[in-house]
């Protein structure tokens with residue numbers, strides 16, 4: 001049984017597109033976690049009291065909340081921040097340090113959602129290539145391999161699309 005070079009190239013290209021989509025998903029998730037952790041580095045959130053505590057043991061209290069946008073702004077008293085020896089490393093605001101806490105759904109609506117849509121586009125393109133090659137496949141095993149890949153890409157697209165919608 002001989003396999004055509006075109007068949008191998010299409011499968012290889014489709015798998016490369018899927019791998020790029022997977023790497024893009026991992027990078028987007030990493031960047032999201034890193035940006036959230038960076039903006040609150042050294043601060044500890046206490047959900048039972050709905051406050052943040054800074055490294056100098058000062059509290060940031062909620063000063064604004066928007067339930068539609070799903071975010072809350074917390075601020076330390078200006079007097080505490082302005083007299084703090086760590087102010088230069090923490091904030092340049094004379095009104096006190098602010099932290100914006102955004103619920104995951106709100107954050108995912110932005111850049112992470114864009115990356116997921118891009119991943120879906122790459123996987124769809126890979127699926128189209130597989131479908132076109134399916135029309136030219138000459139053996140049962142080639143068609144079975146293409147159907148298996150198409151099923152894998154389709155289920156991944158469905159999973160990512162479901163996460164975007166929720």
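Quick look at the numbers
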| quantity | calculated |
| --- | --- |
| Cβ-Cβ FRET estimate between residue 5 and residue 155, R0 fixed at 30 Å, reported to 0.05 | 0.60 |
| Which label in (1) 30.0, 114; (2) 24.4, 80; (3) 16.2, 59 gives the computed Rg and Dmax of the Cα atoms in Å | (2) |
| Estimated FRET transfer efficiency (residue 162, residue 88; beta-carbon r; R0 35 Å; 0.05) | 0.15 |
| Computed lengthening from residue 139 to residue 24, 0.36 nm per intervening residue step minus Cα-Cα distance | 38.0 nm |
| Within the chain, helix-based [θ] at 222 nm, where runs of 4 or more DSSP H residues each add -39,500 (n - 2.57), nearest 500 | -19500 deg cm²/dmol |
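Since every read-out is calculated from the coordinates, none of them should be taken as a lab result. In this text the structure is predicted, and so the values were computed from the model without any measurement. Please note: Cβ atoms are built from the backbone with ideal geometry, for glycine as well, and neighbour counts cover all protein chains shown.
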